[in-house]
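The values are calculated or read from the model by the stated rules, or taken from the named source; none is laboratory data. Please read these numbers as outputs of a predicted model, since none were measured by experiment. Because the Cβ atoms are built from the backbone with ideal geometry, glycine has one as well, and the counts that use them run over all protein chains shown.
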Amino acid sequence: MGDYSKALEFYEKDLEIMKKALPPNHPHLAISYNNIGGVYDDMGDYSKALEFYEKSLKIREKALPPNHPDLAISYLNFAACYERMGDYAAALKALQSAFQIQQQAFQEGNPAFSFTYSWLGRVYRSLKDYSKALENFEKCLAIDEKTLPEKHPDFGITYSNIGDVHRLMGNYEKALTFHQKALNIQENVQCNPLECATTYINLGETYREMKDDSTALTYFEKGLETREKKLPKNHPDLAVVYHNMAKLYLATQKYSMAMKTIQQAVEIAQEKLPSTHPHLLEYKETFEKIRKKM
């Protein structure tokens, strides 16, 4: 697991020093709250992350002009949390707020827009609006191509996202092409190992849907190995892989393995996600399908 507790300890100490030294609405305090929110976000504690992001936003709203880029960052953080919590309407609203501020603060094509388009793509993907998802990921890619060096890790993330939308649309060959482009970067430059793990898992899902079960399992295992090393044991991103593997085991009639992995997915989701989260509902459906086969 990443050094999340150390990071939290460091940022909390920093916050205590700031509180003593600065007036209560100082922008530096907003940065401190934002940093703590970011650690909880990375740990999969999304409601706790939101709590700190809200404290940060309240200060920024008082201390900064209404079109300040830091306000857009706050809204983007909200959007990321809401998307992960399954509240897609709230995520879209936050993204629209961020986008409006960025339009006032920056010229078109500024790298800041890339992140916003990427999150818009993710939210539309979650809403199953795949053409809008693709459109936003492609806008993100167009900005990155003008503003980033050729092998920058951000390209890996965007290629993987585009590949995943193609999978969801049933364009498997296109999906594989984009995932391979992502891996060509992620396996050859220094990047966050969790980004590479996501590409492995996306590849696993593509091969699973193509009924290439052994290749799918290989990629799921590679992705899972990294996520288990780098994330807390109850992180929602682990539940995603366990669910993917459960579907694979169900299709290959390995019912006891399927039951073991789906139980892991459901347990994490029940602990970490809202009871109405689409992922949790999907995991429970898969659980029922497996239970009927036992």
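Would you mind listing the helices (runs of 4 or more DSSP H) fully within segment 120-225 where at least 3 residues are touching a residue at least 12 places away in the same chain (Cβ under 8 Å) and closer than 28 Å to ALA98 by Cα? Step through it out loud before you land on a result.
Values: elements: 130-147, 153-168, 172-186, 193-209.
By residue number, 130-147, 153-168, 193-209.
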Of the criteria (1) surrounded by 15 or more Cβ atoms within 10 Å (Cβ to Cβ); (2) within 30 Å of PRO149 (Cα to Cα), which one VAL241 fails: (2)
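Name the residues in segment 127-146 that are among the polar types (S, T, N, Q) and surrounded by 15 or more Cβ atoms within 10 Å (Cβ to Cβ), would you?
Applying the first criterion (among the polar types (S, T, N, Q)) to segment 127-146 yields 131, 136.
Selection gives ASN136 alone.
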Given the conditions (1) modelled with pLDDT under 95; (2) buried (at least 16 other Cβ atoms within 10 Å of the Cβ); (3) of a type outside the set (Asp, Glu), report the number of the one that LYS151 does not fulfil. (2)
Condition (residue is under 23 Å from ARG122 (Cα atoms) and among the acidic types (Asp, Glu)) applied to segment 54-67: is it met by at least one residue? yes
Between a first residue in segment 251-272 that is within 17 Å of GLU205 (Cβ to Cβ) and free of Cβ contacts under 8 Å to residues at least 40 places away in the same chain and a second residue that is surrounded by 20 or more Cβ atoms within 10 Å (Cβ to Cβ) and among the aromatic types (Phe, Trp, Tyr), which pairs have beta carbons less than 9 Å apart while being 6 or more apart in sequence or on different chains? ALA258/TYR249; THR261/TYR242; THR261/TYR249; ILE262/TYR242; ILE262/TYR249; ILE262/TYR283; ALA265/TYR242; ALA265/TYR283
In segment 236-275, which residues are in contact with a Gly (Cβ under 7 Å, 6 or more places away or on another chain) and of a type in the set (Val, Ile, Thr)? VAL241
In this structure, does ALA7 turn out to be at pLDDT 95 or above and either crowded, with 16+ Cβ neighbours inside 10 Å or assigned to a helix (DSSP H, G or I) (or both)? no
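Among the listed residues LYS222, LYS230, LYS260, LYS211, which satisfies the condition of being farther than 19 Å from GLY86 by Cβ, in contact with a Pro (Cβ under 8 Å, 6 or more places away or on another chain) and surrounded by fewer than 18 Cβ atoms within 10 Å (Cβ to Cβ)? First the steps, then the outcome.
Details: LYS222 fails: in contact with a Pro (Cβ under 8 Å, 6 or more places away or on another chain); LYS260 fails: in contact with a Pro (Cβ under 8 Å, 6 or more places away or on another chain); LYS211 fails: in contact with a Pro (Cβ under 8 Å, 6 or more places away or on another chain).
From the options LYS222, LYS230, LYS260, LYS211, the qualifying one is LYS230.
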Segment 274-294 residues that are over 22 Å from HIS235 (Cβ atoms), paired with ones that are outside any helix (DSSP H, G or I) (beta carbon under 9 Å, 6 or more apart): LYS293/GLN253
Somewhere in segment 60-71, is a residue out of contact with any strand residue (DSSP E or B) (no Cβ under 9 Å at 6 or more places or on another chain), crowded, with 16+ Cβ neighbours inside 10 Å, of a type in the set (A, V, I, L, M, F, W, C) and under 22 Å from LEU194 (Cα atoms)? no
Select from segment 5-46 the residues that are farther than 30 Å from ALA239 by Cα and either aliphatic (A, V, I, L, M) or in contact (Cβ under 8 Å) with a residue 60 or more places away in the chain (or both) and list them in ascending order. LEU15, ILE17, MET18, ALA21, LEU22, LEU29, ALA30, ILE31
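Find the residue count for segment 239-280, including only residues that are of a type in the set (A, V, I, L, M, F, W, C), touching a Leu at 6+ places or on another chain (Cβ under 7 Å) and part of a helix (DSSP H, G or I). Step through it out loud before you land on a result.
Of all residues in segment 239-280, those of a type in the set (A, V, I, L, M, F, W, C) come to 239-241, 245-246, 248, 250-251, 257-259, 262, 265-266, 268-269, 273, 280.
Keeping just the survivors that are touching a Leu at 6+ places or on another chain (Cβ under 7 Å) gives 241, 248, 258, 268-269, 273, 280.
From the residues that got through so far, the ones that are part of a helix (DSSP H, G or I) too are 241, 248, 258, 268-269, 280.
Count: 6.
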Qualifying positions in segment 100-112 - surrounded by fewer than 22 Cβ atoms within 10 Å (Cβ to Cβ), in contact (Cβ under 8 Å) with a residue 24 or more places away in the chain, part of a helix (DSSP H, G or I) and in contact with a Phe, Trp or Tyr (Cβ under 9 Å, 6 or more places away or on another chain): ALA112
